[in-house]
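**Student:** The structure that follows is given in the form of structure tokens.
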Protein chains: 2
Amino acid sequence: MIEYRNLRVALLGGGTVGANVVDLLLTHGEELANRAGAGLELVGVAVRDIDAERTPAIPKHLLTTDAEALIVNADIVVELMGGLEPARTYVLQAINSGADVITANKALLATHGPELFEAAEQVGAQLYYEAAVGGAIPIIRPLRESLAGDRVTRILGIVNGTTNYILDAMDATGDTFENALAEATRLGYAEADPTADVGGYDAAQKAAILASLAFHTTVPLDAVYREGITEITDSQVKAARKAGYVIKILAICERIEIDGTGEYGVSARVHPALIPLAHPLAAVHGANNAVFIEAEAAGSLMFYGAGAGGPETASAVLGDLVSAARRHVIGGPGVAESTHANLPILPMASVLTRYQIELTVVDQPGVLATIATLFSDHGVSVEAVSQTVRDGKDDTQPAATLVIVTHVATESSLATTVEALAANDVVTAVVSVLRVEGL
Amino acid sequence: MIEYRNLRVALLGGGTVGANVVDLLLTHGEELANRAGAGLELVGVAVRDIDAERTPAIPKHLLTTDAEALIVNADIVVELMGGLEPARTYVLQAINSGADVITANKALLATHGPELFEAAEQVGAQLYYEAAVGGAIPIIRPLRESLAGDRVTRILGIVNGTTNYILDAMDATGDTFENALAEATRLGYAEADPTADVGGYDAAQKAAILASLAFHTTVPLDAVYREGITEITDSQVKAARKAGYVIKILAICERIEIDGTGEYGVSARVHPALIPLAHPLAAVHGANNAVFIEAEAAGSLMFYGAGAGGPETASAVLGDLVSAARRHVIGGPGVAESTHANLPILPMASVLTRYQIELTVVDQPGVLATIATLFSDHGVSVEAVSQTVRDGKDDTQPAATLVIVTHVATESSLATTVEALAANDVVTAVVSVLRVEGL
């Protein structure tokens, strides 16, 4: 057995991911040392409650409530507490004491990323965060390094397992959103308060991180447009499938030319969207994640795997730990933030996408022409219309349903079109407006 | 604009990938310099024929036939010539003159990898090869770094675009192998001499590279079991789909426990296999590639994209170039070979897999019992049998077809079973024997 110098590793947070990191670090220590070229000595795990039940169990002598005492004594600090504070303070302390930091904390990165990267650059420390997006799926490193010689033009990501589970269940079983959410909660896919997931907040944090990386531009969290899935109905899901689509909530990051100037800006948004059944993302089921990347030279790439889970996320953390240890031993380039492109961040109104609009209309001659004229008057071009005449058995039902799919249009022209549709006498209801992606 | 020091880049080979690398390097030079922290000055492109047509065109003043003069003058040498010699000699010269080397040459790595890595380690040079497997798909870096803290247990890879195109076309159109190959040749997916692809040689080289990386063990090319797709018939493809499978040629790398000893060995093999239609690899169409990885903690991951093509492969080469340049400027850990695990390489006879065997048998009572007994006598457990009785209209047809899917069995017990089947009076023909993967 080779003798290595030991690097002292401090772990902040003893939740599911933390407990799995400890377990793998203790059971695979020698193998990891061989890969890292350094021993990885776990000096302690800072937790709030030493006596809490943990699976796998963490040896008692490693547990402490004194995070700061651990940090000053560590070469590498692994932050798995989550939340903004005290995580931010501890990470800054770790950086300023010369430690490299590994974090899985997407909220922290999306909110305070630039401050943390700046602090790290000042002292030559490194900040690794492969586990912050897509759990076990290697996505940060491929974007940072493998695609460093290419230009990413678009990312479509299924980056939240809970909402993919819910939408997939609605699609598979015909269930309502409420029932699918209840089932996800029962199975442990959704938390007691599911707002962060179903409201799209978690996905928006990941979108900010992915867009910043892909476009070499700081994209702050509050620049990410966000819609959740709470308004998605079982009938929308059924109608989507009938039309050859499936509804997914996507994190979409785009590099967009600004009005034919030859200059580019970036946009990041999270919302439910229809994607064609033949698109690789349509086949991502259950709580899995996948990130679909389009780049100028590389073409289309997809990265697929488990987006969450204790051992899965621990795998990504340990990959970072081996990288950090190698760099600690040998020195060299780490993962400094790359924001040299510094592109402008465009509002949602600049985004061009397709829309599917479902209307109920009165069943009389000339309605289709009226609707078509209304679209073209607002500068929105129609790609396809399908009309279903109701059988009239149920008098409370309007007479006909129109499903219109548009060519690409801006949010603003679509919004004025929908306003005009709602105000028109032949339209009895605007049933559903959904964006269409992945065509 | 920031001023950077310039790194001198020499390119060996001006084929499709080389021409695309030159084009991107010249058009995106400033952007790449910002990412690398160094200017990337292309000092020349060594080619055999200066006057050959190239797309995109390479500026004439960059072309030379004197590779050695370029090499001694370069900080980074990009080898895109392919083949073993003079590529091996030039790469060794580059390493020994202190340059870092980027190569897309899978044959070179699979054959002389250990020699090249050893030479690089001696002088502290680096050898990058993201483009050697899976074209634009980031696979080397995720395996080396993102999964460095995990244990890969299995890789199933569609790593040859030509053969995937052919098998996919046979599945989609019902065509014979010969017709599908002719179409692939016409479209430029297959070369004039398709042996390297259809014989599985190209995939075997990639399997050796992937297995070496994944298991931290040198896996020489001649240890890779190899079967091509030239024997795959349209009726096998049709029967597979009817049974819920699709036939793909896979590179399979496995970490296998040696007979309950708690010790592990590795196996690498390339052969056609049935995979269930619901498996993510079944949805990989056309000339695309995908690598499906199973790891102890991370679970299942898949990486998907274009496996070949000029711009696509150039994207991977330029990603390596930016990485190499960063390291050149800052120093630090590169991509030294990791073979510390040094596991034994197991023969094909140690591999456990499932089989689908199609037999024609005489239609008389007791045949099924005879066949079932024969399997169990040879230690092969049967999972499923389906029987089709022919209608007897065509007297030249035997009376019944049996399709048997086994539980996992060794190659050797399967081979003796098939031998016994062929020798048995009730069996008129062993129509097809295929491995089943991805269950």
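The values are calculated or read from the model by the stated rules, or taken from the named source; none is laboratory data. Quick caveat: nothing in here was measured; it's all calculated off a predicted structure. Here the Cβ positions follow ideal geometry from the backbone for every residue, glycine too, while neighbour counts run over all protein chains shown. Quick note on the areas: whole protein, heavy atoms, side chains included, nothing else; ligands and nucleic acids left out. Shrake-Rupley method; radii C 1.70, N 1.55, O 1.52, S 1.80 Å.
**Student:** Among the residues of the stretch B:100-123, which ones are assigned to a helix (DSSP H, G or I) and buried (at least 18 other Cβ atoms within 10 Å of the Cβ)?
**Tutor:** B:K106, B:A107, B:L108, B:L109, B:A110, B:T111, B:H112, B:G113, B:L116, B:F117, B:A119, B:A120 - these are the residues of the stretch B:100-123 that are assigned to a helix (DSSP H, G or I) and buried (at least 18 other Cβ atoms within 10 Å of the Cβ).
**Student:** In addition: Going by the conditions given, is B:I140 within 13 Å of the chain's Cα centre (by Cα) and among the β-branched types (V, I, T)?
**Tutor:** yes
**Student:** Here's another thing I want to ask about it. Taking the conditions exactly as written (part of a helix (DSSP H, G or I) and at pLDDT below 95), does A:E68 satisfy them or not?
**Tutor:** When the stated conditions are applied, A:E68 does not pass them.
**Student:** What about A:N73, is it buried (at least 21 other Cβ atoms within 10 Å of the Cβ) and among the polar types (S, T, N, Q)?
**Tutor:** no
**Student:** What's the total number of residues in the stretch A:282-297 that are in contact with a strand residue (DSSP E or B) (Cβ under 9 Å, 6 or more places away or on another chain), closer than 19 Å to B:G299 by Cβ and touching a residue at least 24 places away in the same chain (Cβ under 8 Å)?
**Tutor:** 6
**Student:** Considering only the stretch A:356-372, state which residues are open to solvent by less than 40 Å² (accessible area, probe 1.4 Å) and part of a helix (DSSP H, G or I).
**Tutor:** Within the stretch A:356-372, A:V367, A:I371 meet the criteria.
**Student:** The conditions are (1) hydrophobic (A, V, I, L, M, F, W, C); (2) open to solvent by 60 Å² or more (accessible area, probe 1.4 Å); (3) at pLDDT below 85, and A:M348 fails exactly one of them. Which is it?
**Tutor:** Evaluating A:M348 over (1) hydrophobic (A, V, I, L, M, F, W, C); (2) open to solvent by 60 Å² or more (accessible area, probe 1.4 Å); (3) at pLDDT below 85 leaves (2) as the failure.
**Student:** Please determine, by comparing only the residues of the stretch B:29-45 that are open to solvent by 10 Å² or more (accessible area, probe 1.4 Å) and either touching an Asp or Glu at 6+ places or on another chain (Cβ under 7 Å) or within 17 Å of B:A67 (Cβ to Cβ) (or both), which one is farthest from the other protein chains (Cβ to nearest Cβ).
**Tutor:** Per the stated criteria, the residue is B:V43.
**Student:** Still on this structure, please answer the following. How many residues are touching a strand residue (DSSP E or B) at 6+ places or on another chain (Cβ under 7 Å) and closer than 11 Å to A:A110 by Cα if we restrict to the stretch A:202-228?
**Tutor:** Total satisfying the criteria: 10.
**Student:** Does any residue of the stretch B:19-28 turn out to be part of a loop (DSSP other than H, G, I, E, B), among the aliphatic types (A, V, I, L, M) and open to solvent by less than 40 Å² (accessible area, probe 1.4 Å)?
**Tutor:** No, the stretch B:19-28 contains no residue that is part of a loop (DSSP other than H, G, I, E, B), among the aliphatic types (A, V, I, L, M) and open to solvent by less than 40 Å² (accessible area, probe 1.4 Å).
Let's see how each residue does on (1) open to solvent by 40 Å² or more (accessible area, probe 1.4 Å); (2) assigned to a helix (DSSP H, G or I); (3) of a type in the set (A, V, I, L, M, F, W, C); (4) within 14 Å of chain B (Cβ to nearest Cβ):
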| residue | (1), (2), (3), (4) |
| --- | --- |
| A:L156 | no, no, yes, yes |
| A:A169 | no, yes, yes, no |
| A:A180 | no, yes, yes, no |
| A:A192 | yes, no, yes, no |
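**Student:** Return yes or no: is A:L143 more than 14 Å from every other protein chain (Cβ to nearest Cβ), farther than 22 Å from A:V77 by Cα and not charged (D, E, K, R)?
**Tutor:** No: the conditions fail for A:L143.
**Student:** Going by the structure shown, is A:V431 surrounded by 14 or more Cβ atoms within 10 Å (Cβ to Cβ) and either at pLDDT 90 or above or closer than 27 Å to A:G228 by Cα (or both)?
**Tutor:** yes
**Student:** Any residue at all in the stretch A:219-232 that's over 17 Å from A:A204 (Cβ atoms) and of a type in the set (D, E)?
**Tutor:** No; the residues of the stretch A:219-232 include none that is over 17 Å from A:A204 (Cβ atoms) and of a type in the set (D, E).
**Student:** Looking only at the stretch A:410-439, count how many residues are of a type in the set (V, I, T), under 25 Å from A:I252 (Cα atoms) and out of contact with any Leu (no Cβ under 8 Å at 6 or more places or on another chain).
**Tutor:** Number satisfying all stated conditions: 2.
**Student:** What about B:V403, is it modelled with pLDDT of 90 or more and either under 23 Å from B:K238 (Cβ atoms) or within 14 Å of chain A (Cβ to nearest Cβ) (or both)?
**Tutor:** Taking the combined requirement at face value, the residue does not satisfy it.
**Student:** Quickly run through the stretch B:217-238 and pick out the residues that are closer than 23 Å to B:L116 by Cβ, open to solvent by 10 Å² or more (accessible area, probe 1.4 Å) and not in a strand (DSSP E or B).
**Tutor:** B:T218, B:P220, B:L221, B:D222, B:A223, B:V224, listed by residue number.
**Student:** Same structure, new question: Using the structure shown, decide if A:A136 is at pLDDT below 95, buried (at least 23 other Cβ atoms within 10 Å of the Cβ) and part of a helix (DSSP H, G or I).
**Tutor:** Spelling it out, it is not the case that A:A136 is at pLDDT below 95, buried (at least 23 other Cβ atoms within 10 Å of the Cβ) and part of a helix (DSSP H, G or I).
**Student:** For B:D51, only one of the following conditions fails: (1) farther than 21 Å from B:D100 by Cα; (2) free of Cβ contacts under 8 Å to residues at least 24 places away in the same chain; (3) within 32 Å of the chain's Cα centre (by Cα). What is its number?
**Tutor:** Answer for B:D51: the failing condition is (3).
**Student:** Taking the condition open to solvent by less than 10 Å² (accessible area, probe 1.4 Å) and touching a His at 6+ places or on another chain (Cβ under 9 Å), does A:V91 pass?
**Tutor:** yes
**Student:** Looking at A:A290, A:A239, which one is small (G, A, S) and modelled with pLDDT under 95?
**Tutor:** Just one listed residue meets the conditions, A:A239.
**Student:** Does the stretch A:23-33 include one or more residues that are among the hydroxyl-bearing types (S, T, Y) and touching a residue at least 40 places away in the same chain (Cβ under 8 Å)?
**Tutor:** no
**Student:** I'd like the residue in the stretch A:55-66 that is under 32 Å from the mean Cα position of the chain (by Cα) and either open to solvent by 40 Å² or more (accessible area, probe 1.4 Å) or among the β-branched types (V, I, T) (or both) and, out of all such residues, is nearest to the other protein chains (Cβ to nearest Cβ).
**Tutor:** For the stretch A:55-66, the residue satisfying everything is A:T55.
**Student:** Looking at this structure, is A:D202 at pLDDT 95 or above, of a type outside the set (K, R), in the same structural domain as A:F215 (by TED's automatic domain parsing) and under 16 Å from the mean Cα position of the chain (by Cα)?
**Tutor:** So A:D202 fits the description; yes.
**Student:** Determine which single condition B:T353 fails, assuming it passes every other condition in (1) facing another protein chain (nearest Cβ under 10 Å); (2) modelled with pLDDT of 80 or more; (3) outside any helix (DSSP H, G or I).
**Tutor:** (1)
**Student:** Moving on. Only one of B:L210, B:L127 is surrounded by 23 or more Cβ atoms within 10 Å (Cβ to Cβ), touching a residue at least 12 places away in the same chain (Cβ under 8 Å), in contact with an Asp or Glu (Cβ under 9 Å, 6 or more places away or on another chain) and more than 14 Å from chain A (Cβ to nearest Cβ); which?
**Tutor:** When all the criteria are applied, what remains is B:L127.
**Student:** Next question. Residues that are more than 9 Å from chain B (Cβ to nearest Cβ) and surrounded by 21 or more Cβ atoms within 10 Å (Cβ to Cβ): list the strands (runs of 3 or more DSSP E) wholly contained in the stretch A:239-340 that include at least 2 such residues.
**Tutor:** Counting at least 2 such residues, we get A:245-257, A:264-276, A:288-295.
**Student:** Can B:G188 be described as at pLDDT below 95, within 13 Å of chain A (Cβ to nearest Cβ), farther than 18 Å from B:A268 by Cβ and out of contact with any Pro (no Cβ under 8 Å at 6 or more places or on another chain)?
**Tutor:** Criteria not met by B:G188.
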